[in-house]
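Student: Pasting a structure here, questions to come.
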Amino acid sequence: MRLIDTSTLQLTEFFDNAIPPYAILSHTWGNEEVLFQHLQNPTEVTKQRRGYSKIVRSCEIARKFGFKYIWNDTCCINKESSAELSEAINSMYRYYHGSVVCYAYLADVSYSHGEDPRAENSEFRRSRWFTRGWTLQELIAPSRVVFFDKDWKEIGTRSSLRDLITEITGIPAPVLLGRDSKSCSVAQRMSWVARRQTTRAEDIAYCLMGIFGVNMPPLYGEGGTRAFIRLQEEIIRYDDDPTIFAWKSDTSTAKKHVERGMLAWYPLEFADSGGIIAHPFKEAPASHRMTNSGLEVTVGWDHHITSDDSYGGPEPNLPTFVHLPCRLEGSPEEDRLYFGVWVERRTWGKQFVRIRPEHLDLVKRVSGGTWRLHVKEGVLNLGMDDFASPSGSYFTISPKHNLTIAETYPENTNYASGSTFNTKRVAVKFQIGSSASMTFAVVFGVDTEYRDNIVWTDIITDPRELEGGKLKEIYHSYDNFSVRQEIRVQALDRLEKRLTDNKLVFVAINSSCDRNHFVVEIGEAERV
């Protein structure tokens, strides 16, 4: 472990049995940070970097209180060494836990102006520090945390501000006062990081290793989802807490035809799980383990359906609701309300998949039956997703000159030229020039049932279909099992059709730098 000498600003290396008392810095990275290589032989250019003053001021404060050494993640780790970086990532929680005090530097807070941090919409509440993944363990692990504003004026301590920090983060006050975070369920701890972000997608999993007491090698490039799955698999090896299965996907982006396993794909799926605790069934202990057939889980099942073979259980392809040994914290024992999920049997035997992942329902348990089943982890998206919050898809209409929007469906929309709107499908009727007879309709949308947003479009030029009030019929003709469903399957993002003998109309859907944003160009041209 390298530490900075608070007097000389030189780096000194210590081994575990000889580490002296030290302070530690917590902050969010910005531009011009001072790295390990910069501090080996700091030049005047290095000293002009913005991050250098952060090192100097933190050393001054540490030295004021008698600390000869301080640790800073920007310069105490040689990130050019993959072995050293891996060791540091796995040791990070221990570094913060082993410090005497942690100085949390909030670069976007100006406490000097006299603003009450507890005030509504205060800079303290809105600080970026509370939104980053790595700062979660930096808040919990140290024995003492002192907050400083951008001018290094003390704001308060974790203890003195615990009610406010609980309000901001959802972390219970006893944990902020030093109680072991492992006293909270897995789902509760996951909820603390649900809306935090990291620069590297994989780090949203790696930053949680210390909080859950596990270790694993970081594999940058595996993707955030695969890293988060690996984290949960490691947790399962050491912890039998069933609340790790108490998550639900975002309803606006739920993959309706995707088979899921019992493990979440990203922390956001635990956003509503902060009040869930483990509550084992009386007739069977909560247990689970990874097997070659999938994750073996004990669940509660009220309806015992006998099938033709020796396996008694739900028939294949039958959606089945099963209870998890998880309840709402503080709920009375007699109400028998347990959280549960939907599963479906895929093959003869005990292999299931989770379906309807947007559901995590609190339902009364009628009987005392339990079942051990194997749930196969879905492979779609593993290693493919980052952890940007799912936000749906939206389009910007960009009609060429001489086109005006005459009508839209859904009717509660009011799309003007160049406007941006959030929808999965829209039908728009256009008029060319001032002629009411020169009209056509464009229908376009996005199907989100697969990993990538699949866009599609179609053009309607038949005057009989374009009569007043028929745009709604056109819109619904692309529904599942309707006459134009096949158009969506074809997924054409470029299309042109003849409007008259000498005129063509065309539509092109273009991607933008935001993967969920599409620009729709619509126009007309003379037919050669």
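The values are calculated or read from the model by the stated rules, or taken from the named source; none is laboratory data. Treat the numbers as computed from the prediction; the structure is a model and nothing was measured. Glycine also receives a Cβ, built like all others from the backbone with ideal geometry; neighbour counts cover every protein chain displayed. Note: areas computed on protein heavy atoms with side chains; ligands, DNA, RNA excluded. Shrake-Rupley method; radii C 1.70, N 1.55, O 1.52, S 1.80 Å.
Student: Pairs under 6 Å by beta carbon, first residue within 14 Å of residue 354 (Cβ to Cβ) and among the aromatic types (Phe, Trp, Tyr) in segment 318-341, partner open to solvent by 10 Å² or more (accessible area, probe 1.4 Å) and modelled with pLDDT of 90 or more, six or more apart or different chains?
Tutor: Partner pairs satisfying both residue conditions: 321/342; 339/360; 339/362.
Student: For segment 180-192, which residues satisfy the criterion of being part of a loop (DSSP other than H, G, I, E, B) and touching a Ser or Thr at 6+ places or on another chain (Cβ under 7 Å)?
Tutor: 185
Student: Looking only at segment 199-216, filter to residues that are open to solvent by 30 Å² or more (accessible area, probe 1.4 Å) and modelled with pLDDT under 95; which one of those is farthest from residue 130 (Cα to Cα)?
Tutor: 200
Student: Residues that are within 22 Å of residue 218 (Cβ to Cβ) and either open to solvent by 30 Å² or more (accessible area, probe 1.4 Å) or not β-branched (Val, Ile, Thr) (or both): find the helices (runs of 4 or more DSSP H) completely inside segment 68-179 holding 3 or more of those.
Tutor: In segment 68-179, 82-97, 134-140 are the helices (runs of 4 or more DSSP H) which contain 3 or more residues that are within 22 Å of residue 218 (Cβ to Cβ) and either open to solvent by 30 Å² or more (accessible area, probe 1.4 Å) or not β-branched (Val, Ile, Thr) (or both).
Student: In the set 31, 41, 17, which member is without any contact (Cβ under 8 Å) to a residue 24 or more places away in the chain, in contact with a helix residue (DSSP H, G or I) (Cβ under 7 Å, 6 or more places away or on another chain) and not basic (Lys, Arg)?
Tutor: 31
Student: Could you go through segment 189-200 and let me know if any residue there is out of contact with any helix residue (DSSP H, G or I) (no Cβ under 8 Å at 6 or more places or on another chain) and on the phi > 0 side of the Ramachandran plot.
Tutor: Checking segment 189-200: not a single residue is out of contact with any helix residue (DSSP H, G or I) (no Cβ under 8 Å at 6 or more places or on another chain) and on the phi > 0 side of the Ramachandran plot.
Student: Looking at segment 246-259, which of its residues are in contact with a strand residue (DSSP E or B) (Cβ under 7 Å, 6 or more places away or on another chain) and either buried (at least 24 other Cβ atoms within 10 Å of the Cβ) or modelled with pLDDT of 95 or more (or both)?
Tutor: Selection gives 246 alone.
Student: Still on this model: Among the residues of segment 454-486, what is the count of those that are modelled with pLDDT under 90 and closer than 15 Å to residue 509 by Cα?
Tutor: 2
Student: Do you know which of the residues in segment 322-377 that are open to solvent by 40 Å² or more (accessible area, probe 1.4 Å) and of a type in the set (A, V, I, L, M, F, W, C) is nearest to residue 287 (Cα to Cα)?
Tutor: So the residue we want is 371.
Student: What number of residues within segment 472-504 satisfy the criterion of being open to solvent by less than 70 Å² (accessible area, probe 1.4 Å) and closer than 16 Å to residue 398 by Cα?
Tutor: Adding up the residues that qualify gives 2.
Student: Could you grab me the full set of residues in segment 7-42 that are open to solvent by less than 70 Å² (accessible area, probe 1.4 Å), over 24 Å from residue 137 (Cα atoms) and hydroxyl-bearing (Ser, Thr, Tyr)?
Tutor: Listed by number, the list holds a single entry, 12.
Student: Would you check if there is a residue in segment 505-515 being buried (at least 18 other Cβ atoms within 10 Å of the Cβ), in contact with a strand residue (DSSP E or B) (Cβ under 7 Å, 6 or more places away or on another chain) and within 30 Å of residue 259 (Cα to Cα)?
Tutor: Yes, some residue in segment 505-515 is buried (at least 18 other Cβ atoms within 10 Å of the Cβ), in contact with a strand residue (DSSP E or B) (Cβ under 7 Å, 6 or more places away or on another chain) and within 30 Å of residue 259 (Cα to Cα).
Student: Assuming residue 475 fulfils every condition listed in (1) closer than 17 Å to residue 447 by Cβ; (2) in a loop (DSSP other than H, G, I, E, B) apart from one, which condition is it?
Tutor: Looking at each condition in turn, residue 475 falls short on (2).
Student: Name every residue in segment 110-147 that is of a type in the set (Lys, Arg) and more than 20 Å from residue 93 (Cβ to Cβ), in order of residue number.
Tutor: Within segment 110-147, 118, 125, 126, 128 meet the criteria.
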